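Asker: If you scroll down you'll find the structure; I have some questions about it.
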Amino acid sequence: MDLGWGDPKASKWATNVGLITSDGPHGPNIMAAEWTYYVSYTPALISVHIGRGSKDKAGKATLENIRATKEFGVNLASQEQNAVSSIAGKSSGKEVDKISLLKEYGAEFYAAKKIKPPMLKGAATNAECKVKDILDMGDHAMVLGEVLEIESDQSKQPLIYSGNKYWKLGEHISKPAQAELDRIGALKAKYTKKS
Ligand SMILES: Cc1cc2nc3c(=O)[nH]c(=O)nc-3n(C[C@H](O)[C@H](O)[C@H](O)COP(=O)(O)O)c2cc1C
């Protein structure tokens, strides 16, 4: 089946917002990608899912930059970076120099250690990645990146995105009470498969 953009049936995912930096044929660039996931510990891999474009819709500058250079930065937006995310996600690097715009707006960047694209200061996590694989799937490409460098700022909370809105992480939910854990333990024992 097909589900168009913004279908309410697909509105219940809650994700991070990856601010993906790249530097290639379209120059230094940044886009917002809610479909940014940490998918392997060893080796550490991050996948980012980027619209491939179609006959009626131009491909994203970020994907073209990454296909050409095989590297990208993942800057997980912090709670304070919703405006940065909107700027990165609402125009294309084919038309707008978003990095210069963001610098003038007040965002700061730093030079990456292992890759050419600039990295965003103030993010919850910054990861420098080299492409391990790019899989074209449906209308998006899965860009799988091997992490070369990663830093997380423990004082920052990640920005959350769900139902086309930005959110803050809410209240921590405690584990079930001991009585509930005991009941779950008894059920687990009852349904443990005999070898
Ligand atoms: C919060 C937010 C999340 C987004 N997530 C994605 C995503 O996961 N994948 C994608 O292809 N586009 C996503 N977009 C749209 C791109 O950021 C947008 O198309 C951008 O203009 C692409 O920039 P570029 O052409 O410079 O690469 C998102 C936009 C916003 C505002």
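The values are calculated or read from the model by the stated rules, or taken from the named source; none is laboratory data. The structure displayed is predicted, hence computed values, not measured ones. No Cβ is skipped: glycine too gets one built from the backbone with ideal geometry, and neighbour counts run over all protein chains shown. We work out accessible area using only protein heavy atoms, side chains counted, and drop any ligands, DNA or RNA first. Shrake-Rupley method; radii C 1.70, N 1.55, O 1.52, S 1.80 Å.
Asker: Quick one: count up the residues across the stretch 152-166 that are in a strand (DSSP E or B) and either within 16 Å of Thr36 (Cβ to Cβ) or at pLDDT below 95 (or both).
Answerer: 6
Asker: Before we move on, is Ile184 surrounded by fewer than 14 Cβ atoms within 10 Å (Cβ to Cβ), more than 16 Å from the ligand (Cβ to nearest atom) and in a loop (DSSP other than H, G, I, E, B)?
Answerer: Here the answer is no, as Ile184 does not meet what is asked.
Asker: Follow-up. Given the options Gly18, Gly24, name the one that is within 10 Å of the ligand (Cβ to nearest atom) and closer than 23 Å to Gly145 by Cα.
Answerer: Working: Gly24 fails: within 10 Å of the ligand (Cβ to nearest atom).
Being within 10 Å of the ligand (Cβ to nearest atom) and closer than 23 Å to Gly145 by Cα holds for just one of Gly18, Gly24, which is Gly18.
Asker: Can I ask one more? Which pairs do you get when a residue that is over 17 Å from Ala61 (Cα atoms), found in the stretch 30-48, comes within reach of a residue that is open to solvent by 60 Å² or more (accessible area, probe 1.4 Å) and not acidic (Asp, Glu), reach meaning Cβ atoms under 6 angstrom, with the pair 6+ apart or on two chains?
Answerer: Leu45/Val39; Ile46/Tyr38; Ser47/Tyr37; Ser47/Val39
Asker: Moving on. Which of the residues that make up the stretch 119-151 are of a type in the set (Asp, Glu), within 16 Å of the ligand (Cβ to nearest atom) and in a strand (DSSP E or B)? Spell out how you get there, then give the answer.
Answerer: Quick first cut of the stretch 119-151, residues of a type in the set (Asp, Glu) only: 128, 133, 136, 139, 146, 149, 151.
Filter again for within 16 Å of the ligand (Cβ to nearest atom), leaving 136, 139.
The answer is Asp136, and nothing else.
Asker: So in the stretch 37-82, with the set limited to residues that are of a type in the set (Ser, Thr, Tyr) and over 21 Å from Asp153 (Cα atoms), which one is most open to solvent (accessible area, probe 1.4 Å)?
Answerer: In the first step, residues of the stretch 37-82 are kept if they are of a type in the set (Ser, Thr, Tyr); the result is 37-38, 40-42, 47, 54, 62, 69, 78.
Right, trim to over 21 Å from Asp153 (Cα atoms) and you get 42, 54, 62, 69.
Working: Thr42: 127, Ser54: 68, Thr62: 2, Thr69: 47 Å².
The extreme case among them is Thr42.
Asker: Quick check on my filter: what residues within the stretch 158-173 are touching a helix residue (DSSP H, G or I) at 6+ places or on another chain (Cβ under 7 Å) and open to solvent by 90 Å² or more (accessible area, probe 1.4 Å)?
Answerer: Lys168
Asker: Can you give me the number of residues within the stretch 71-97 that are farther than 17 Å from Gly51 by Cα, assigned to a loop (DSSP other than H, G, I, E, B) and not acidic (Asp, Glu)?
Answerer: Qualifying residue count, the stretch 71-97: 2.
Asker: Looking at Glu71 and the list (1) farther than 18 Å from Ala127 by Cα; (2) more than 12 Å from the ligand (Cβ to nearest atom), which single condition is not satisfied?
Answerer: (1)
Asker: Here is a further query. Whether any residue in the stretch 79-99 is more than 10 Å from the ligand (Cβ to nearest atom) and within 14 Å of Val143 (Cβ to Cβ) is what I want to check.
Answerer: No: zero hits.
Asker: Given Lys103, Lys116, which one is open to solvent by 90 Å² or more (accessible area, probe 1.4 Å), farther than 19 Å from Thr15 by Cα and either within 15 Å of the ligand (Cβ to nearest atom) or assigned to a loop (DSSP other than H, G, I, E, B) (or both)?
Answerer: Testing whether each residue is open to solvent by 90 Å² or more (accessible area, probe 1.4 Å), farther than 19 Å from Thr15 by Cα and either within 15 Å of the ligand (Cβ to nearest atom) or assigned to a loop (DSSP other than H, G, I, E, B) (or both) leaves just Lys116.
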